[in-house]
1. Specify the residue that is surrounded by the most Cβ atoms within 10 Å (Cβ to Cβ); the eligible residues are those in the range 53-64 that are outside any loop (DSSP other than H, G, I, E, B) and more than 14 Å from the ligand (Cβ to nearest atom).
2. Any idea which residue in the range 32-46 is surrounded by the most Cβ atoms within 10 Å (Cβ to Cβ), counting only those that are within 12 Å of the ligand (Cβ to nearest atom) and aliphatic (A, V, I, L, M)?
3. Return yes or no: is GLY124 within 10 Å of the ligand (Cβ to nearest atom) and either closer than 16 Å to VAL20 by Cβ or charged (D, E, K, R) (or both)?
4. Being in a helix (DSSP H, G or I) and either within 12 Å of the ligand (Cβ to nearest atom) or of a type in the set (Gly, Ala, Ser) (or both) narrows it down to one of ARG18, ARG22, ARG49, so name that one.
5. Which one is nearest to the ligand (Cβ to nearest atom) among residues in the range 67-91 that are closer than 18 Å to GLY15 by Cα and in a loop (DSSP other than H, G, I, E, B)?
6. Go through the range 1-15 residue by residue and tally those that are over 24 Å from ALA146 (Cα atoms) and either within 7 Å of the ligand (Cβ to nearest atom) or not in a loop (DSSP other than H, G, I, E, B) (or both).
Amino acid sequence: MHVLFPGSFDPPTNGHLRLVERAAGLFDEVTVLVGVNPQKSGWLEQKQRVKLMEEICSKWKHVHIKAGKGLLVEDVRRFKADAILKGLRNGSDFENERMMAEANFYIGKSVETVFLIAGNAEIGVSSSLVRQIFTLGGDISSFVPAVVLTELEKTL
Ligand code: PNS
């Protein structure tokens, strides 16, 4: 089975990486789709986010990194994935994800979404909190891979 794991990854966190690791252990192929969330104003460029995900996922040969181009269900088709994969951290994720899964099932003509429950190791801190802590001069080294921290220090 081939799953498409979409997200903004702005920036990629240890939580994202742990989820990719679990997915890599479960599925034949995992495509990480570095997307654009129309509801969020971006921080890092999409190209930079793709490059960072490539670096931190390079040890898995069956994990591919691609850039998202609009509607998620179109990308599911473009990359010939069997389903969308999402992580669930809490109740508010559940409510949002339930709506998106239903919408994607409808507009994607039966595209399924599968969920992994994020454990303690994955809950960590969301990308938006990481951004806030970093912007205010806090230490994010335990929330993001080292290569991400280096890139952030260089760019911002
Ligand atoms: O990490 P995020 O910001 O929660 O990821 C959200 C993302 C990129 C997965 C979501 O915004 C998305 O699916 N964008 C593609 C546009 C789309 O298909 N929207 C309709 C989804 S129901």
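1. Pass one, the range 53-64, residues outside any loop (DSSP other than H, G, I, E, B): 53-56, 63-64.
Within this subset, residues satisfying the condition of being more than 14 Å from the ligand (Cβ to nearest atom) are 54-56, 63-64.
Working: GLU54: 14, GLU55: 14, ILE56: 23, VAL63: 21, HIS64: 17.
Within the range 53-64, the match that is surrounded by the most Cβ atoms within 10 Å (Cβ to Cβ) is ILE56.
2. VAL32
3. Answer is no for this residue.
4. Criteria check complete, one pass: ARG49.
5. Only one residue tops the list, namely ARG89.
6. Our first condition is that a residue be over 24 Å from ALA146 (Cα atoms); within the range 1-15, this holds for 1-4.
Now drop any that are not either within 7 Å of the ligand (Cβ to nearest atom) or not in a loop (DSSP other than H, G, I, E, B) (or both), which leaves 2-4.
Number satisfying all stated conditions: 3.
Values quoted throughout were computed directly from the atomic coordinates according to the rules given, and no laboratory measurement underlies them. What you see is a predicted model, and the numbers here were worked out from it, not measured in a lab. Cβ coordinates were reconstructed from backbone atoms using ideal geometry, including for glycine residues, and neighbour counts include every protein chain displayed.
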